[in-house]
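Have a look at the structure below before the remarks.
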Amino acid sequence: MDANALAIINTLNSAGFQGYLVGGCVRDLLCGKRPKDFDIATDATLPEVKKLFRRARIVGRRFPIVHVRHGREIIEVSTFRQSISNNVVHDDQGMILRDSTEGTLEEDAFRRDFTINALYYDPIQAEIIDFVGGLADIKRQRIRFIGKPAVRIAEDPVRMLRAIRFAAKLGFDIDAAITDLSADAADRLAAIPPARLFDEFTKLFLSGHSLAVWELLVSFGLATTLFPACNPNSSLATLAMRNTDHRIAEGASVTPGFLLAIVLWEDFQARLANSLSASDHPAVLTLRDQQQRIAVPRRFSTFIHEVWGLQVRLETRSRRSASRLLQHKRFRAGYDFLCLRAESEPELQETASWWTTLQSVDAETRGAMIAALPQTKRRRRRKKSEPT
C-alpha cells in the first residue's frame with residue numbers, strides 16, 4: 001500500500017469523512033500488478049478536501065477532482081458522484097461534457113466505467129467493497145462495462161481505448177458486447193479533442209504492452225482511426241512495438257516521437273515519392289494530417305522531422321558526413337530507426353551493420369572505416385552575379 005495514500009485516508013477519517021482506495025490501484029493489487037497510481041474516493045466535498053490538506057488544489061472541468069501533493073507524489077482525491085443525475089451535461093451525441101453532482105458510495109460505483117475499476121478498499125477495516133461484480137470479472141479475466149455498453153460508449157468513446165489498454169495490460173478478454181461497438185466507437189472518436197487523444201496515445205503505447213495494444217487496435221479496426229494514414233499490417237510497426245516493450249522492460253527510455261515516426265513512416269515515404277514541388281514538404285503534410293486526429297506536441301514533431309531526415313544521410317554514407325552524423329543529437333534515434341527498418345528491408349542490413357560496427361571500434365579503426373567511404377563532391381556556391 002502507498003503510505004501517502006493511507007495517510008490521506010487517515011486524515012479524512014479523522015475529520016469525520018469516509019475514504020477508500022478506488023479503481024486501478026485496487027484492481028492491479030488483486031491482479032498481482034504494481035499500481036502506477038493510488039486514487040482515493042471520499043464523501044467529503046472538493047472544497048472540504050482542499051481545506052484539509054495544505055498542498056492541495058482542485059483541477060479538471062469535465063470531472064473535477066483534488067490533487068493532493070505529498071513530496072513529489074500527487075494523489076487524486078474525488079468526491080462520490082451520482083451515476084444518474086439531471087445535472088450531468090451531455091452533448092447531442094450523448095457524450096458527457098461535465099459531471100460534478102455529489103452522490104453516495106454505491107452511486108459512485110455505478111457511475112464508473114468498468115466493473116474491474118469500481119472496486120473500493122477500506123484500509124481501516126481491511127475490506128473490499130464491490131457493488132458491481134468486479135471481483136467476479138477479475139477471476140474470470142473479463143473486461144465488462146457497468147450498465148448498457150452503447151450508452152457508456154456514447155458518454156465517452158475513449159472508453160473503447162481504455163478497454164483495449166486494460167486487456168493488453170492484464171491479459172483479459174474484452175466482453176463481446178464491447179467489441180461489437182468498435183465501429184460505433186471509431187466514428188465517435190472523431191469528436192474527441194486531439195490533445196486528449198495524445199494523452200491516451202501515451203497511455204496505450206508507453207505502458208510496456210504496446211505490441212498487444214497495436215494488435216487489438218488492428219483487430220478492432222481502430223488503428224486507422226487513430227492514425228488515418230498508417231498501414232495496419234506494417235511489419236515495421238510490429239517490430240517497433242515489440243522493441244518499445246523490450247526497452248521499457250529493461251528500464252530504457254522511450255519517446256512517443258519514435259513510435260509516431262514509425263507508424264507514419266510509410267505515409268511520409270509515399271508523399272516524398274510523389275512530391276511535385278519544393279513547397280510540398282512531405283514531412284509537414286504527413287504530420288499536419290495526423291494532427292487532425294492526435295495532437296503531436298512541437299518537441300515530438302521536431303524529433304520526427306530530424307529522425308526521418310537522418311535516414312537518407314545514414315543510408316548514403318560518405319567520408320565527409322559520417323563523423324558529423326556520429327555527433328548529431330538525434331544520431332542514436334536515427335540509428336535505431338535504421339536498424340528496425342533493416343529487419344524488414346534486407347537491402348539495409350549491410351548499412352545498419354556498418355554503423356553498428358563503427359560505434360564499437362577504436363578511434364583508429366573508425367578513422368579507417370570512414371576514410372574508405374566515397375568522397376562527396378562539394379557543391380559550388382553560385383555567386384549572386386551569376387545568371388540563374
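The values are calculated or read from the model by the stated rules, or taken from the named source; none is laboratory data. Model, not experiment: these values are computed from the prediction. Ideal geometry is used to build each Cβ from the backbone, glycine not excepted, and the neighbour counts take in all protein chains shown. Accessible surface is based on the protein model in full, side chains and every heavy atom, while ligands, DNA and RNA are left aside. Shrake-Rupley method; radii C 1.70, N 1.55, O 1.52, S 1.80 Å.
Quick look at the values:
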| quantity | calculated |
| --- | --- |
| Meets criteria (surrounded by fewer than 21 Cβ atoms within 10 Å (Cβ to Cβ) and within 27 Å of E155 (Cα to Cα)) for T224 | yes |
| Every residue from segment 131-152 that is outside any helix (DSSP H, G or I), open to solvent by 70 Å² or more (accessible area, probe 1.4 Å) and farther than 14 Å from A177 by Cβ | F131, Q141 |
| Pairs, first more than 19 Å from I124 (Cβ to Cβ) in segment 21-32, second open to solvent by less than 10 Å² (accessible area, probe 1.4 Å) and in a strand (DSSP E or B), C-beta under 7 Å, six or more apart | R27/L119 |
| Filter result (within 11 Å of F220 (Cβ to Cβ) and out of contact with any Leu (no Cβ under 9 Å at 6 or more places or on another chain)) within segment 179-196 | T179, D180, L181, A183 |
| Single unsatisfied condition, I116 versus (1) in a helix (DSSP H, G or I); (2) more than 13 Å from V22 (Cβ to Cβ) | (2) |
| Helices (runs of 4 or more DSSP H) contained entirely in segment 311-370, each with at least 3 residues that are more than 30 Å from N233 (Cα to Cα) and out of contact with any Lys or Arg (no Cβ under 8 Å at 6 or more places or on another chain) | 322-327, 349-360 |
| Verdict on R288 being open to solvent by 20 Å² or more (accessible area, probe 1.4 Å) and in contact (Cβ under 8 Å) with a residue 24 or more places away in the chain | no |
| Those residues of segment 156-201 which are closer than 26 Å to V254 by Cα, open to solvent by 40 Å² or more (accessible area, probe 1.4 Å) and of a type in the set (A, V, I, L, M), in sequence order | A195 |
| Hey, T351 open to solvent by less than 50 Å² (accessible area, probe 1.4 Å) and of a type in the set (V, I, T) or not | yes |
| Subset of segment 270-279 that is open to solvent by 70 Å² or more (accessible area, probe 1.4 Å) and assigned to a helix (DSSP H, G or I) - its residue that is modelled with the lowest pLDDT | A273 |
| Residues of segment 38-53 that turn out to be in contact (Cβ under 8 Å) with a residue 60 or more places away in the chain and surrounded by fewer than 19 Cβ atoms within 10 Å (Cβ to Cβ), as a count | 1 |
| Only one of R196, R165, R159, R144 that is over 17 Å from the mean Cα position of the chain (by Cα) and among the basic types (K, R) | R144 |
| Matching helices (runs of 4 or more DSSP H) fully within segment 214-265 where at least 1 residues are over 19 Å from D289 (Cα atoms) | 235-249 |
| Tally of residues being over 20 Å from L340 (Cα atoms) and assigned to a helix (DSSP H, G or I) across segment 280-300 | 11 |
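So that you can scan it fast, the table gives a plain yes or no per residue for (1) of a type in the set (K, R); (2) without any contact (Cβ under 8 Å) to a residue 24 or more places away in the chain:
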position	(1), (2)
R140	yes, yes
F145	no, no
D184	no, no
L204	no, no
L211	no, no
L226	no, no
N233	no, yes
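Condition check ((1) in contact with a helix residue (DSSP H, G or I) (Cβ under 8 Å, 6 or more places away or on another chain); (2) at pLDDT below 95; (3) of a type in the set (S, T, Y)) across all residues:
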residue	(1), (2), (3)
L287	yes, yes, no
Q291	yes, yes, no
V296	yes, yes, no
F303	yes, no, no
W308	yes, no, no
R317	yes, yes, no
R320	no, yes, no
Y335	yes, no, yes
